[in-house]
Amino acid sequence: MLGALRRKVAIGGSSASVSGKAIRPIISASRVSVNVGEEILLLQPRGIAHVRNFSHLILPGCSVGLAKTRDVFSSIQSETIMQKSCRAFSSGDGDLVDAVVPFMGESISDGTLATFLKKPGDSVAADEPIAQIETDKVTIDVVSPQAGVIQEYVAKEGDTVEAGAKIAVISKSGVGVAPAAPAEKKSEKAASKPSPPAESVKEDKPKAKVEASPAAEKPKPPSSPPPKRTATEPVLPPKERERRVPMTRLRKRVATRLKDSQNTFAMLTTFNEVDMTNLMKLRSDYKDAFVEKHGVKLGFMSGFVKAAVSALQHQPIVNAVIDGDDIIYRDYVDISIAVGTPKGLVVPVVRDADKMNFAEIEKTINNLAKKANDGTISIDEMAGGSFTISNGGVYGSLLSTPIINPPQSAILGMHSIVSRPMVVGGNVVPRPMMYIALTYDHRLIDGREAVFFLRRIKDVVEDPRRLLLDV
């Protein structure tokens, strides 16, 4: 803080004046002696403040009257701090506020500015989304901190931004912000442009004929035949028929994780088939009563989740994972459910599935699937998981070999239900059958445990009464 001290001291008939002395920003330990009638002129960031009429004489080593001086400097310091703290959020008059990137999660350092939901000049309400940030796992909304009008965007689509980065400037009053221009104005302007006069067009045409006439008189050289392609040379489509678009961060993250899984695990897949007759009959008999009581439909996923929980409890090695030279056994069952969305594959987690009943599992899966498709699922809802179920049957897949979702050790693949002839009691009868596949890390899980695991799922799905009797 800069300042200038002026004093006028009258002693008898003589006078002395001292002016223009600079006061340092940091006050030294020595006291400042001031008499009545002194004037202190302080230059502050926002103007000039006068402090007059100190009625006490302050001598070196004395603290008498020091309270007023301390109050002055403490008020100046607090005002400066207040200005610094407010400067990051508003302009000098307090009308402008900044919309910044929110905290995206512990494991996410940055994201890509995917799209703007509003245009400069649009009115926004408080906490209304104005842009979307695409991360490796989820899409996060950037919201307006206050109601107002978007003055400008300070970032562009496709930019990589970090948490706390400034995205837009919001004017609370809307003063000085041009309204968003409709797209129709451009077409009107283009239509309103005067066409060139017809005379000039007519004049240009004869010139073109005159210029082209000498060239027409010259004999044309004989055109060479096009080169013949050999039988082995491939015919490639022209580049104009191709489109190159950048990968989204979610797609790049999925590609990296799946390739790392393939490079890390010694993956092996074993198969079995399940007769869905009894589970389908159970669903058909109780679907109306189930919806009436629990408010959610009874599907096949809850039956397979309960069967997977039972199989994991019978074969705990499938629920374990390798960590360096150790094996970590998990005493909980968190089932990850693979969900395909328009933006990519996400895997939300059903926590403590071993403690849930059919209705709780169905409600949790429906809620997570809805959030995944809406793009509102959080990172916490996808973190962890000890085992994954992927249902490719909803897309019509008959058979597949799923890839392990790290850091898990196995994944169960469900497929479509197809009526096939089966031998039952010596007779060939049609049965609704489903192929199931278990891909596992052969470094940790032997074939014996994998086959027993898949066999347990088959037994429980074909006879759900085993869950009641625990057999």
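The values are calculated or read from the model by the stated rules, or taken from the named source; none is laboratory data. The model shown is predicted, which means the values in this text are computed figures rather than measured ones. As a convention, Cβ positions derive from the backbone with ideal geometry for all residues, glycine included, and neighbour counts pool all protein chains shown. For the accessible areas, the whole protein counts, side chains as well, though only heavy atoms, and no ligand, DNA or RNA atoms are used. Shrake-Rupley method; radii C 1.70, N 1.55, O 1.52, S 1.80 Å.
A few points about this structure:
- Summarised in one figure, the compactness ratio Rg/Rh of region 264-466, Cα atoms and Kirkwood Rh, is 0.96.
- Largest accessible area first, the residues Leu368, Leu268, Leu236 order themselves as Leu236, Leu268, Leu368 under a 1.4 Å probe with ligands, DNA and RNA left out.
- Rounded to the nearest Hz, the phi-derived 3J(HN,Hα) couplings of region 282-291 under the Karplus curve 6.51 cos²θ - 1.76 cosθ + 1.60 (θ = phi - 60°) are 4, 5, 5, 6, 10, 5, 5, 5, 5, 5, where x marks glycine and proline.
- Whole-number accessible area per residue in Å² for region 97-169, which is evaluated in the context of all protein chains at 1.4 Å: 46
- Accessible area in square angstrom per residue, region 357-434, 1.4 angstrom probe: 47
- Residue (of Leu444, Thr401, Gly324) at the positive-pole extreme of region 264-466, dipole from beta-carbon charges: Thr401
- Close amide-amide hydrogen proximity is noted between Asn391 and Ala338, Met414, each under 5 Å apart and 5 or more residues distant or on a separate chain (H modeled in the peptide plane; Pro and chain starts excluded).
- Three-way shape label, region 290-379, alpha-carbon gyration tensor, a/c 1.5: oblate
- Atom-type composition of the exposed protein surface of region 264-466 places 53 percent of the accessible area on carbon and sulfur (1.4 angstrom probe).
- Rounded to the nearest 20, the size of the Cβ-charge dipole of region 97-169 about its Cα centre is 180 debye, with Lys and Arg at +1 and Asp and Glu at -1.
- Taking all Cα pairs closer than 8 Å and separated by 6 or more residues, the relative contact order of region 97-169 comes to 43 percent.
- Greater than 20 Å apart at Cα, pairs in Lys281/Lys458; Lys137/Lys166; Lys287/Lys458; Lys252/Lys363; Lys137/Lys259; Lys118/Lys166: Lys137/Lys166; Lys287/Lys458; Lys252/Lys363
- Student exercise, region 264-466 dipole from Lys, Arg, Asp, Glu Cβ charges, in Debye to nearest 20: 680
- Intensity falloff of region 97-169 expressed as log10 I(q)/I(0), Debye formula with alpha-carbon point scatterers, at q = 0.13 Å⁻¹: -0.31
- Under-5 Å amide H pairs with Ile436, H placed in peptide plane, nonlocal only: Asn272, Glu273, Val274
- Ranked by the mean number of other Cβ atoms within 10 Å per residue, highest first, peptides 340-346, 284-290, 437-443 order as 437-443, 340-346, 284-290.
- In this label model, Asp463 and Ser173 are separated by 8.0 nm, measuring between points 7 Å along each Cα→Cβ vector.
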